[in-house]
1. Which ones in segment 146-197 are among the charged types (D, E, K, R) and farther than 20 Å from Pro90 by Cβ?
2. Just the residues that are surrounded by 12 or more Cβ atoms within 10 Å (Cβ to Cβ) and either without any contact (Cβ under 8 Å) to a residue 40 or more places away in the chain or in contact with a Ser or Thr (Cβ under 8 Å, 6 or more places away or on another chain) (or both), please, taken from segment 153-163.
3. Which of the residues that make up segment 62-112 are outside any loop (DSSP other than H, G, I, E, B), of a type in the set (Gly, Ala, Ser) and under 18 Å from the mean Cα position of the chain (by Cα)?
4. Regarding segment 456-471, can at least one residue be identified that is over 28 Å from the mean Cα position of the chain (by Cα), free of Cβ contacts under 8 Å to residues at least 12 places away in the same chain and assigned to a loop (DSSP other than H, G, I, E, B)?
5. In segment 30-45, which residues are over 22 Å from Glu165 (Cα atoms) and in contact with a Leu (Cβ under 9 Å, 6 or more places away or on another chain)?
6. Of everything in segment 74-88, what is of a type in the set (D, E, K, R) and either open to solvent by less than 10 Å² (accessible area, probe 1.4 Å) or touching a Lys or Arg at 6+ places or on another chain (Cβ under 6 Å) (or both)? Give them in sequence order.
7. Within segment 349-372, which residues are β-branched (Val, Ile, Thr), open to solvent by less than 70 Å² (accessible area, probe 1.4 Å) and either touching a His at 6+ places or on another chain (Cβ under 7 Å) or assigned to a loop (DSSP other than H, G, I, E, B) (or both)?
8. When you look at Ala199, is it assigned to a helix (DSSP H, G or I), within 19 Å of Ile373 (Cα to Cα) and open to solvent by 10 Å² or more (accessible area, probe 1.4 Å), yes or no?
Amino acid sequence: MSDTLELAVAPPAWALDAGAGPGGVLHLGQLFAFGAGTSPDKVAVDDGRARFTFAELEAMATRLAAAFAARGVAHGDRVAVISEKRAIMPAIAAAIWKLGAVYVPLDGEAPPARIASILGRLSPRLVVSLKATPAPDGFAVIGSEELQRIASAPTVPHVPPLAAEADDHPAYIIFTSGSTGEPKGVEISTGSLLAYFKAHQEYLRFTAASRVFSLTPYHFDVSIEDTLLPLSLGAFVYQFNGIVAGPLIRRILQREAITHLIAVSTILTLISQPAEEISTEKFPHLEMVMTGAEVCDPKVINLWKERLPAARLINAYGPTETTIVCTCHTIEHPEPDRVSAFPIGRPLEGVHALILDETGAVVADGGKGELCIGGVQVMRGYFDQPAETARTVFTRDGVRYYRTGDICSRQADGAIVFVGRLDDEVKIAGKRVHLGEVRQKVMALSGVDRVAIGTLERQGRREIAIVIVSAEGGIVERAEALLAETLPSYMRPTVYAHAWSVVLSRTGKTDEKKLLAQLCEIAAASRRSRFRINADGAIEEASGANA
């Protein structure tokens, strides 16, 4: 096993054509080694404003690694990146991994208070900020301007090579919405990530000739799937960072001769309209379309399979805690009569799947139970939350499993079908939101007696609706201001209702679920965002409410 980070001419160990040998890339710091060693002048990544070749990416990563080391970053240290969807981001990730440090991408659009709270918990050795706004106080920071100076310096310093990482060494941490009211930092090991690369490649089939369309922000783990993984194989990646509009995305797919499209169902649905725009003539290069992260309407999947019959169409599933994707289902042919969702598939190689009832017994095929994912891709744990880790991770027959909270069943053919959730976790445009985190923020406001929260479908989009019970006026405005300061925009309600007192049913119990259902029904047929609930439980639009 090589212990250097030299450029590689052999394909990585996870390449489809790597053969039985170890491959030419054995360390995450070698992310661009294959591309830079075989096609140094090939454009690797393009974000519509900047583009870099593989040689340029490798040089930038090496310069940045030297600069990070000069700031004290060493093996095992955490480096937080206040991220943007930019072509330099892969170089930053590779630079961190060259030092054996831990890559922690954060949402650059999140409220400053949320970023500061996460950084306080994380205690990173260094904060790298791509934002032009001032970086948080109290941390060693490399800001946007300094980052650009380092990346574009005329010389490439020497960075001492590292041995291949131990499998249990942390590779990255992704912060997700948390059921406890605090974001959860999912810590994934190097061994889990490399095992994922190898296993998912059986479905993705990236090669150096692939041209991949990347939609995912860097603070979500799918950015590793749609950007870092293909780059490691010498593929080209186009990073989309524009208005999410079907016509615009379709134009870029055509212009860039994209071969691999990975899109959550909300975005895939947008691209699909109108249906006549999807055809082999318009997308002759498209080899694979993958969706997931939320339930996709079978009509959308059928449309793509009908109109691009030669393209591989895949429905994927994977909580952040199980390393990006852990099951896949290939749609072999359209099923026009299907009204239920397509299966989420079978486990990837090295992944185990159990469906358990409330007693922990395995559910028979066709029965419903909680899906538990086990094997090499299960997270190390939640950063600084050992009690949460212990609550969701268990060992059975020597295998570590993660309790997904997803209710599933297994078909007779072995394919797993998603049914629903055990808790109040939802997906908004593919992004995980624990409604309990939003609820707890609002409940912390003085004067709030109760909170009911849920989702509704409006104009083709899933939105969050909330009912606040309070005897104080202006409570909705206070709640909205608090959430704007503490939560990213996708986690904030778009529909608010104020109830001055708890509405009781004839049995004397609160009817929060009924009120929420009524609110969602009324709001779904309205463009308004503000409502009030009268003492008798009647819901009406609040005067002056916004569209």
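The values are calculated or read from the model by the stated rules, or taken from the named source; none is laboratory data. Please read these numbers as outputs of a predicted model, since none were measured by experiment. For neighbour counting, all protein chains shown are included, and Cβ atoms are generated from backbone atoms with ideal geometry for every residue, glycine included. Heads up: the accessible areas ignore ligands, DNA and RNA and are worked out on the full protein's heavy atoms, side chains in. Shrake-Rupley method; radii C 1.70, N 1.55, O 1.52, S 1.80 Å.
1. Let us first name the residues in segment 146-197 that are among the charged types (D, E, K, R), namely 146, 149, 165, 167-168, 182, 184, 187.
Selection gives Asp167, Asp168, Glu182, Lys184, Glu187.
2. Residues of segment 153-163 that are surrounded by 12 or more Cβ atoms within 10 Å (Cβ to Cβ), as a first pass: 153, 156-157, 159, 161-163.
Once the filter is applied, which keeps residues that are surrounded by 12 or more Cβ atoms within 10 Å (Cβ to Cβ) and either without any contact (Cβ under 8 Å) to a residue 40 or more places away in the chain or in contact with a Ser or Thr (Cβ under 8 Å, 6 or more places away or on another chain) (or both), segment 153-163 yields Val156, Pro157, Val159, Pro161.
3. Filtering segment 62-112 for residues outside any loop (DSSP other than H, G, I, E, B) gives 62-70, 78-83, 89-98, 102-107, 112.
Restricting the remaining residues to those that are of a type in the set (Gly, Ala, Ser) gives 65-67, 69-70, 80, 83, 91, 93-95.
Selection gives Ala80, Ser83, Ala93.
4. No; the residues of segment 456-471 include none that is over 28 Å from the mean Cα position of the chain (by Cα), free of Cβ contacts under 8 Å to residues at least 12 places away in the same chain and assigned to a loop (DSSP other than H, G, I, E, B).
5. In the first step, residues of segment 30-45 are kept if they are over 22 Å from Glu165 (Cα atoms); the result is 38-45.
Thr38, Pro40, Ala44, Val45, listed by residue number.
6. Start the filter on segment 74-88 by keeping residues that are of a type in the set (D, E, K, R), which leaves 77-78, 84-86.
Passing the criteria: only Asp77.
7. Within segment 349-372, just Val363 meets the criteria.
8. Details: assigned to a helix (DSSP H, G or I): yes; within 19 Å of Ile373 (Cα to Cα): yes; open to solvent by 10 Å² or more (accessible area, probe 1.4 Å): no.
In short, no.
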